[in-house]
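Reading through the structure tokens given below for one structure.
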Amino acid sequence: MNRIHKMNLRVAQWLLVMLLVGGCADRNTRGPIPTLHTSPEFTESGSDIAPNRWWTAFEDPQLDLQINDALTNNYSLASATYRVQAARAVTQREASDFWPDIDGILGFGSDMGPGENGETYNFGLDASYPVDLWGEIESRVEAQRLRAIAECWDYHTGALALTAEITSVWFSLIEAHAQAKLLEEQIKTNRTGLELQEERFRLGLIRSADVLRQRQLLESTLEQEVVVELQVEVLEHQLAVLLGDMPQLASYESGTLFPEMPPLPTTGFPSELLLRRPDIQRNYYALMAADKDLASAISAQYPRLNLGGSIQNIAENPEELFKDWFVSLGGQLIAPLFDGGQRRAEVERNRAVKYQLFNDYAQSVLVAFREVEDALAQEKYQLKQIEHLEEQVKLAGQASIQLREQYLIGDVEYLDVLSAITGQQSLQRRLLSAQLDLRLIRVSLYLALAGSIEATNVEGEDFAVDDFRIENAAVGNDQPIFDVDSRTVGVNEPINTANVDPNLDPPGREPFGSDRFSDLLPEESGVDESRFGQTRVNRSKTPVAPDANPQEIPLLERLRGTTNNE
């Protein structure tokens, strides 16, 4: 009997070893990581710091009013707010796995057959709890929380794009009204010229061809007026949709004068741009979420422990309820032995997604630098183009006057006069278009340099990334949103250093804070791998003046709580 007991014990030990060996897969996720060299400073920079609400730099009250309405009423922006809410809800759903599932049981059964029929009644509680041995649940929750933050940044990206589009449409509407006013003056001038030519033809002073050429010039300007009128209506329809209004009733008085160009804003350092641009931050947090997905996939290869228990009352008739109670406690250690390579393939997929998002992030950084440089170069040369156009308009006006006087005394043909008038009017219209292009270039520069704005959601509340919260009624007091030790989900706690730590690296993996990432990621970092399953990257803190306005601190630093008053 003892021999059989020892044999069973030995078999159980070997089985446990096989489970552990079969379940423990390689956790190393090292691989070739691309690098990005340190970026030099931007080629141009101004002295004025652009405000977060960058469009206010143009000092156009009507434009401010339109954008404020759009931030409240635009449907696409409202849709983005609900995407954020959905991401937050998924985070809370994933975080619920930190708690046991408890279900109530109420049953009734009846046995029928030969002999006396019987009935059974039972009720009680059933509980199950997955023990997060290797941090799989922790990584899943962290990944989804980072995605929720990425959605917040995506909201601000959409809000910035909306403000830029409204500003562009508004300036285009001003230019269209200015073109209409200019064409009205040109039509009046050309019609007066036609009347003079017809009178001279009746007196026999000119040929009929001169009258026909003047009529053609008048028809040309009338055709341009039709084009501009169509442009005005289309722009009003676009603006109405952006503001959440019906395009059928769109009518806006934008005026015909462009706002003055504000001074060139300071471009700062390229590293500051990485902290400021919401699209860069969105891609960054998406990358860190993918990293956590990889950690979760690696942990899924390890054995998992499930605990369970129940307490039930079973009786054959209602009178015996509450008499006999049955308690059951148990646990299961489950390890994957053979799955056809499914888990390893999932690890490889997540690793590929991580590197894909890394390259997307690196590409977005380069595109951001290019957008700033493009806008700076375009504005510099656009100013030169406007200077030359203004000189051409001036010279064309002088030439038109002189040729008209020479034509009246018979020194030149009317075709020369007509060419001068046509050229002058075309240059006047081109100058207006160039003034519009200059302001659109400045809009693109502001957009390339802009950070998040204090946008307003559909409910009229301030909506910012640092308002990110998780509500969980299962906890009665405020706790950090994610704490590695206690593994609790908090209530209404804004993100701080404890709950925004996108660098919790799984064991055996090359951390994102290594030297080969130091030139690309927003901040330098050092790694402490002293604890298995709880590796943290300690971010270096950027000092901030004690009297600094918290709104002026880069938002990413505020999220991480990297101020000197910690």
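The values are calculated or read from the model by the stated rules, or taken from the named source; none is laboratory data. Owing to the predicted nature of the structure, the values given are computational and were not obtained by experimental measurement. Ideal geometry is used to build each Cβ from the backbone, glycine not excepted, and the neighbour counts take in all protein chains shown. The area values use the complete protein model at the heavy-atom level, side chains included, leaving out ligands, DNA and RNA. Shrake-Rupley method; radii C 1.70, N 1.55, O 1.52, S 1.80 Å.
A few comments on the model shown:
Rundown of residues vs (1) assigned to a strand (DSSP E or B); (2) at pLDDT below 90; (3) among the acidic types (Asp, Glu); (4) surrounded by fewer than 23 Cβ atoms within 10 Å (Cβ to Cβ), yes/no style:
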residue: 275; (1), (2), (3), (4): no, yes, no, yes
residue: 280; (1), (2), (3), (4): no, no, no, yes
residue: 288; (1), (2), (3), (4): no, no, no, no
residue: 308; (1), (2), (3), (4): yes, no, no, yes
residue: 312; (1), (2), (3), (4): yes, yes, no, yes
residue: 319; (1), (2), (3), (4): no, yes, yes, yes
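- Scanning segment 264-309 for residues that are over 19 Å from residue 371 (Cα atoms) and touching a Ser or Thr at 6+ places or on another chain (Cβ under 8 Å) yields a count of 11.
- Within the option set 235, 257, 239, 264, being under 30 Å from residue 69 (Cα atoms), in contact (Cβ under 8 Å) with a residue 40 or more places away in the chain and open to solvent by less than 10 Å² (accessible area, probe 1.4 Å) holds for one residue only, 239.
- When 138, 142, 165 are checked against the criterion of being open to solvent by less than 10 Å² (accessible area, probe 1.4 Å), acidic (Asp, Glu) and farther than 16 Å from residue 84 by Cβ, 142 stands alone in meeting it.
- Among residues of segment 369-382 that are assigned to a helix (DSSP H, G or I), those with a beta-carbon under 8 Å from a residue that is of a type in the set (A, V, I, L, M) and open to solvent by 30 Å² or more (accessible area, probe 1.4 Å) at least six positions away or on a different chain give the pairs 371/447; 379/264.
- In segment 293-336, residue nearest to residue 144 (Cα to Cα) [restricted to those that are among the aliphatic types (A, V, I, L, M) and touching a Leu at 6+ places or on another chain (Cβ under 7 Å)]: 305
- Sole exception among (1) touching an Asp or Glu at 6+ places or on another chain (Cβ under 8 Å); (2) within 30 Å of residue 118 (Cα to Cα); (3) among the basic types (Lys, Arg) for residue 323, by number: (1)
- Per-region count, segment 379-434, residues among the aliphatic types (A, V, I, L, M), more than 18 Å from residue 194 (Cα to Cα) and open to solvent by 60 Å² or more (accessible area, probe 1.4 Å): 3
- Condition check for residue 345: at pLDDT 90 or above, open to solvent by 30 Å² or more (accessible area, probe 1.4 Å), not in a strand (DSSP E or B) and not charged (D, E, K, R): yes
- One residue stands out among those in segment 71-102 that are touching a residue at least 40 places away in the same chain (Cβ under 8 Å) and in contact with a Ser or Thr (Cβ under 6 Å, 6 or more places away or on another chain): the one that is surrounded by the most Cβ atoms within 10 Å (Cβ to Cβ), which is 71.
- Members of segment 148-190 that are of a type outside the set (A, V, I, L, M, F, W, C) and touching a Ser or Thr at 6+ places or on another chain (Cβ under 6 Å): 156, 177, 181, 186, 190
- Criterion violated by residue 53 - all others in (1) among the charged types (D, E, K, R); (2) within 19 Å of residue 243 (Cβ to Cβ); (3) open to solvent by less than 60 Å² (accessible area, probe 1.4 Å) satisfied: (3)
- Filtered residues of segment 50-101 (kept if within 27 Å of residue 268 (Cβ to Cβ) and β-branched (Val, Ile, Thr)): 56, 67
- Some residue of segment 227-245 being modelled with pLDDT of 90 or more, in a helix (DSSP H, G or I), among the polar types (S, T, N, Q) and more than 30 Å from residue 356 (Cβ to Cβ): yes
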